[in-house]
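To start, the structure under review is shown below, and the notes come after it.
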Amino acid sequence: MNKNLLNFFGGGVILKTFVYPKESYMEPINLTEKTDWRFIDQVKKESGQDPALCYQCGNCTAGCPYTKYFDFPVSQVMRLLQAGQKETILNSRSIWLCATCEACTTRCPCEIDIAHIMDVLRIIARRENYVAEKDVKTFYDAFLASMKHHGRVFEVGILMGYNLKSGHLLADADLGPKILGKGKIHFLPTRIKGRDKVLEIFRKSQKKRKNSV
Amino acid sequence: MRVGVFICHCGNNIAGTVDVAKVAEAARMMPGVAFATTYMYTCSEPGQEEIKETIKREKLDRVVVAACSPRMHEVTFRRTVEKAGLNRYFFEMANIREHCSWVGEDKALNTNKAIETIKLAVEKVKQNKPLFPAKFKINKRVLVIGGGVAGMQAALDCADGGLDVVLVEKSSSVGGMMARLDKTFPTVDCSICILGPKMVDVSQHEKINLHAYSEIEEIKGYVGNYQIKIRKKATYVDWSKCTGCGACIEKCPSRNAYDYFNFGVAPARAINIPFPQAIPKKATIDAQFCRQFIKGKCGVCAKFCPVGAINYEMKDEIVTEDVGAIIVASGYGLIDLDKLPEYGGGRYPDVISGIQYERILNASGPTSGHIERPSDHAEPKTIVFVSCAGSRDKSIGIPYCSNFCCMYIAKQAILTKDHIPDSQSYVFYIDIRSPGKGYDEFTRRAQEEYGAKYIRGRVSRIYPKGKKMVVKGADTLLGTQVEIEADLIVLATAVTATNDARTLAEKLHISYDQNGFYVESHPKLRPVETNTSGVFLAGACQGPKDIPASVSQGSAAAAKVLSIFSKDTLESDPQIARVNTNVCVGCRKCIGTCPFGAIEEQQLRDGRIVANVIETVCAGCGICSSTCPCGAIQLQHFTDNQLLAEVNALCLT
Amino acid sequence: MSYVAGKELRIVGFLCNWCSYGGADTAGVGRFKQPTDLRIIRVPCSGRVNPLFVVKALLNGADGVLVSGCHPRDCHYSDGNFYARRRLEMLKRLLPFLGIDERRFHYTWVSASEGARWKNVVTDFTKAIHNLGPLHHKEEKTE
Amino acid sequence: MSEKEYIYFPGCSLEASAIEYDMSVRKVLTSLGVKLIEPDDWSCCGSTPAHSVDHVFAAAVAARNLAIVEKMGACTVITACPACLSAFKKAHHRMKKEEGFKKEVNAILDEPYNCGVTAKSVLQVLLEDIGPKAVAEKVTTDLPDLKVAPYYGCIINRPPEIMEFDDPENPLAMDKLMGAVGVKVCDFAFKVECCGAAFGVAKRKMVNELSSKVLTMALDAGANCLVVTCQLCQQNLDLRQGQINSTMGASFNMPVLFFTQVMGLTYGYSSQEMGIDKHNVNAESLIKSRRPVEERIKEEQEKAKGKKPKAKKAEEEES
């Protein structure tokens, strides 16, 4: 936990490569230099939410099922955002471990759609190649890949894709026997006729992203 | 006609974003304007002197001051021109600060706007006629609405000042919220011990006429002469006979009535006296729960009443009182737990509100001061206090701070330790707000001497686990989640306006803000006045307030009343409707529309029926003027000509 | 002298003294920035506003007219604003017959404490009028 | 009862790993006189992963399906999967609110979506369109041993302003339905705590921990079975229960059924028809005591007879 405090204060000078800065010192953040105003505006714009509305009551952190696994609890992500600490945020695992369960959004007394902000941070991180949680991203990619090819997702495919990419070759292998023979697993994906159209969506939005960046 | 225009710099407030010199320049060009100048602070003494001298020197007969809002200084400057020998209505104010220099960013546009605003005022002032106030006698009795600490203070101060006071209290006893409290912060004084004497004074003061268990039905009239209709609700007990012996309560078989005084901590009897020190100490029947009313048979209390005071046939009764001024001290309400679903929304008996805990702590409360938790009457060892339960929460429409929760939580934490030495209190807070005298020291004491653990963070959920309640919160200073397995949870529920605040405001013709709290006439300088002359505010009906603040306001409101009653007559505002009997065709439209019934028929010598305005009753809204088909009835100072002059000043270019 | 051509349009506002005029003051005290087009005429009560004033203003050169009073039921004169509402509703329906777009006339309620709300009312109405463009030079076109 | 018709979007996992959910939904709705039409050539809703790419994309993959439904001339689509539901509602909500966003989304769609479709959960349809009364009428079988804890999961009614159904903190929809079909319901505090959602594969340990909390609370509440509306919850709680036991050193053995399966059982379908056998934790032990509902009713009537005098007294007391 004071790892997080350390993080917050040291955040300003932490480099891209870092994951959790156990060894980082309580460097003062030079707010004049290290406040990334453009980042704040970017998040504001993409999320339509105003971080300034947050008065740090901590309700989001209190209710978040994932706080335990986060390197920064949600309320501190919001605080880091207010302080314009781009590097620290995009390097944090929290933004990848958020499951968008919407507890924070539902309970925020300031009516901030926090889950949506986390979403946006995740998107920015992906766009700018910050990935503090490779496995999560790899899984998402496997999911999307399957969707891209078949138009629908093909669970076995996802699992295999994930295991190969992530290197956890046997992840959830133990579950195999449990479902085998229950008529749940198709070894061939259902492919829809319109999968070219789904593919189009992938292509177009990719193109758009390229142009916009 | 010689109009003089005085343009105020107001330091930089105006001159900063308006080119005042240019404005003066333009003003001099306006038809009818004989003189125009700028001045640093027009409202200052030299500023007003300047105006007076210029009026004489330049032989001005009309004056326009372009400065702040007329709501600030119109009165000031009217006095000034009057001192210089002009009628006070030969004056107009152009608001070039609040409506111009403070809200526009472009200096050129502001300057032009200021010029036009002045042009408008000039055209108006040229149309103005001299008006002269009439004098009328005032009724030196005062109505106080609400018998809480603020209302009682106001009533006592007025009565001691020699005024007859009519005190109307909704519930069956005076005392209000303060009577429910156990102790008071930061002195830990026994609340009822310091309030009791005041309550007794109220009941014994020969100049105070108390209507308990009564509500305001209707208010008519104006400052100096109000007619009030008061509904004395049926108590089904003849209070002239009732001795408050309590025999009826003993015997009442209906044991599940809701206890309003104890906020439902424990059930009450259908016939009840709210608390031992109640004033008046008289019994009241709650017809919702009384078997006589539900089932039509019972009559136990009647059987056992030694003085035969019970009267099931009793009906509400309307009494009328005439007064000259009104002090509103109708107090506050609290949100229900069902507004807080994440805290159980009232489903869990061991999650209670601060005021309920106050009753549990109180020796005269349902547990006679022994702290027990409602579910199983066990003595709680771990108590969690949650501040801002609903306050500062836009998502449920309560964006404001409830003002005194931080302090009473600290007090309750201290008292808990006193009652149960081996208990541990935890306080979840977002900010500790303790700005009063000795307040912050008090919250420190709760932590330093009484070991209350303060946790900076909000609670997100409360749920049962076995006999305990799990409180899931955050410690934002540690940046972690925290969980406490508590025996009892006290929520500092948000303070709101009373649920009938709006209807009362409408009867009083005073305004309320979006939260239902009454609006004072100036937030800094007229805190107890309202925009309706003769109506004053005291206590939490104006916004969440603690005891000292409420008491001060009670006294302040009383002082205001005493000062207007120090004269025997008041000047009526001459800005009222007048009928031009030559033009009036007697169509009676105005009589129908006047909200105050201020217009009556009048027969002229030639037999024609025309409208006639009762000067003292007319409030000057001007609805009649815009209703009259032939422009016969005109609101003085806002006549069709005057308003059209303004319209034309803007539009005919 | 007329409004700053090109930048501003002519907007006249009738504000009741007790609520809306106070609200406009509150907005000022709170420094809520607003467009400068609006010129304010103070009346005791929105009930005092004779529809004739609005029509005169619009015919004689105003591009928009705004009337603002106390919230319904919160009127300083008990129900003046109800009379106002009734009359002005009528007026709104009437304007098209005078060849005036009814959107050029707007009436609303702002209380003395609602500075922020006043800012929005002014900003939105001014925007609306600018979208409609100047009333009178439009008519010249149609002629 | 008059024949109702709905466009029904199964979603990818209801075709495979949660096929029994699909089976039970179809059977239950059919026996309630509801006709289900599957949209032609539907595609994946995008779920959470899409949201990590960008919002226009995420909305687009969801909206593609809504557009298909729209083209079929329907204004409602129902789905059993909360992930699909949330994806649909979010896309619809934002496209409806922001013209610009709508344009962007439609720009990358083959067929534009014009915001004419409301997505509903099967749960909502059962509760609101059909109603507990009609639901109760079809009950033929009583399950005396079953004590269920309804577990709603995170997104089926959060955030309230988008999902627009039931209470976000203490939802009751399933409680009501279970009550309607005569199953014992335990009040359960973790109705909306997250079970670990889509992290099952990537963050197994984390998910196991979160799910175990849910199971523990259900046990504390006195339940012997969880009923769920979400196949992801079902997977995390049932399929991974073994993992949970090994990672947490626990020994849970609590069946996790879809609420539609329980309804189906009370409608007299066999466990096979309801695909109960497709679950990891065996529920048979709780089901085998099933009996005609009449028996229960008889029992209750007798109980009531026995109680009567007492009951009267109690009532006297409280009035």
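Numbers at a glance
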| read-out | value |
| --- | --- |
| Restricting the range D:42-52 to residues that are of a type in the set (S, T, N, Q) and outside any helix (DSSP H, G or I), the residue that is farthest from A:THR138 (Cα to Cα) | D:SER43 |
| Residue that is farthest from C:THR123 (Cα to Cα), among those in the range C:12-38 that are facing chain B (nearest Cβ under 7 Å) and part of a loop (DSSP other than H, G, I, E, B) | C:TRP18 |
| Set B:SER387, B:SER402: member being away from chain D (no Cβ under 14 Å) and assigned to a loop (DSSP other than H, G, I, E, B) | B:SER402 |
| Boolean, B:ARG71 is at pLDDT below 95, of a type outside the set (A, V, I, L, M, F, W, C) and part of a helix (DSSP H, G or I) | yes |
| Every residue from the range B:459-487 that is more than 14 Å from chain A (Cβ to nearest Cβ) and in contact with a helix residue (DSSP H, G or I) (Cβ under 8 Å, 6 or more places away or on another chain) | B:LYS465, B:GLY466 |
| Where C:ARG86 falls short, out of the listed (1) in a loop (DSSP other than H, G, I, E, B); (2) at negative phi; (3) within 13 Å of chain B (Cβ to nearest Cβ) | (1) |
| Subset of the range D:222-259 (residues that are over 15 Å from the mean Cα position of the chain (by Cα) and of a type in the set (Ser, Thr, Tyr)) | D:SER246, D:THR247, D:SER251 |
| Exclusive hit being hydrophobic (A, V, I, L, M, F, W, C) and more than 20 Å from the chain's Cα centre (by Cα), set D:MET206, D:MET263 | D:MET206 |
| Neighbours by Cβ (under 7 Å, 6+ apart or cross-chain): first from the range C:107-124, surrounded by fewer than 22 Cβ atoms within 10 Å (Cβ to Cβ); second of a type in the set (Asp, Glu) | C:SER113/B:ASP513 |
| In the range A:152-202, residue farthest from the other protein chains (Cβ to nearest Cβ) [restricted to those that are among the basic types (Lys, Arg) and assigned to a loop (DSSP other than H, G, I, E, B)] | A:ARG191 |
| Those residues of the range D:53-106 which are assigned to a loop (DSSP other than H, G, I, E, B), crowded, with 22+ Cβ neighbours inside 10 Å and within 14 Å of another protein chain (Cβ to nearest Cβ), in sequence order | D:VAL53, D:ASP54, D:CYS81 |
| Flag if B:VAL583 is away from chain C (no Cβ under 14 Å), in a loop (DSSP other than H, G, I, E, B) and hydrophobic (A, V, I, L, M, F, W, C) | yes |
| Residue match in the range B:474-483 (condition: touching a residue at least 40 places away in the same chain (Cβ under 8 Å) and either surrounded by fewer than 17 Cβ atoms within 10 Å (Cβ to Cβ) or not hydrophobic (A, V, I, L, M, F, W, C) (or both)) | no |
| B:THR569 vs. criteria in contact with a Leu (Cβ under 8 Å, 6 or more places away or on another chain) and among the hydroxyl-bearing types (Ser, Thr, Tyr) | no |
| Selection count where residues are free of Cβ contacts under 8 Å to residues at least 40 places away in the same chain and surrounded by fewer than 23 Cβ atoms within 10 Å (Cβ to Cβ), scope the range C:24-40 | 1 |
| Hey, D:PRO49 within 11 Å of chain A (Cβ to nearest Cβ), within 30 Å of D:ALA189 (Cα to Cα) and over 19 Å from the mean Cα position of the chain (by Cα) or not | yes |
| Cβ-Cβ under 6 Å pairs, at least 6 apart or on other chains, the range D:132-145 side under 19 Å from D:GLU284 (Cβ atoms), far side surrounded by fewer than 16 Cβ atoms within 10 Å (Cβ to Cβ) and among the hydroxyl-bearing types (Ser, Thr, Tyr) | D:PRO144/D:SER289; D:ASP145/D:SER289 |
| C:SER113, sole failed condition from (1) part of a helix (DSSP H, G or I); (2) within 11 Å of chain B (Cβ to nearest Cβ) | (1) |
| Any hit, the range B:432-441, residues being more than 24 Å from B:ASP376 (Cα to Cα) and either of a type in the set (A, V, I, L, M, F, W, C) or not assigned by TED's automatic domain parsing to the domain that holds B:GLY344 (or both) | yes |
| Which numbered condition B:THR532 misses (of (1) touching a helix residue (DSSP H, G or I) at 6+ places or on another chain (Cβ under 7 Å); (2) crowded, with 23+ Cβ neighbours inside 10 Å) | (2) |
| Residue among B:ALA486, B:ALA540 that alone is more than 25 Å from B:GLN153 (Cα to Cα) and in contact (Cβ under 8 Å) with a residue 12 or more places away in the chain | B:ALA486 |
| Yes/no for B:VAL519 being buried (at least 22 other Cβ atoms within 10 Å of the Cβ), in contact with a Leu (Cβ under 6 Å, 6 or more places away or on another chain), within 13 Å of another protein chain (Cβ to nearest Cβ) and over 23 Å from B:TYR357 (Cα atoms) | no |
| Residues satisfying the stated conditions in the range B:424-457, i.e. basic (Lys, Arg), under 31 Å from the mean Cα position of the chain (by Cα) and within 14 Å of chain A (Cβ to nearest Cβ) | B:ARG433 |
| Residues satisfying the stated conditions in the range A:97-137, i.e. outside any helix (DSSP H, G or I), more than 10 Å from chain D (Cβ to nearest Cβ) and either closer than 25 Å to D:PHE190 by Cα or in contact (Cβ under 8 Å) with a residue 60 or more places away in the chain (or both) | A:PRO109, A:CYS110, A:ILE112, A:TYR130, A:ALA132 |
| Helices (runs of 4 or more DSSP H) contained entirely in the range D:130-240, each with at least 2 residues that are within 13 Å of chain A (Cβ to nearest Cβ) | D:160-163, D:204-220, D:231-234 |
| Hey, B:PHE289 closer than 30 Å to B:LYS545 by Cβ, among the aromatic types (Phe, Trp, Tyr) and buried (at least 21 other Cβ atoms within 10 Å of the Cβ) or not | no |
| Members of the range A:67-77 found to be crowded, with 24+ Cβ neighbours inside 10 Å and either more than 7 Å from chain B (Cβ to nearest Cβ) or in a loop (DSSP other than H, G, I, E, B) (or both), listed by number | A:PHE72, A:PRO73, A:VAL74, A:VAL77 |
| Boolean, B:GLY554 is at positive phi and not acidic (Asp, Glu) | no |
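Quick grid of which residues meet (1) at pLDDT 95 or above; (2) within 19 Å of the chain's Cα centre (by Cα):
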{"site": "B:LYS137", "(1), (2)": "no, no"}
{"site": "B:LEU143", "(1), (2)": "yes, yes"}
{"site": "B:GLY147", "(1), (2)": "yes, yes"}
{"site": "B:ALA150", "(1), (2)": "yes, yes"}
{"site": "B:ALA159", "(1), (2)": "yes, no"}
{"site": "B:PHE185", "(1), (2)": "yes, no"}
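The values are calculated or read from the model by the stated rules, or taken from the named source; none is laboratory data. These numbers were taken from a predicted model, which means no experiment stands behind them. Every residue, glycine as well, gets a Cβ built from its backbone with ideal geometry; the counts of neighbours run over all protein chains shown.
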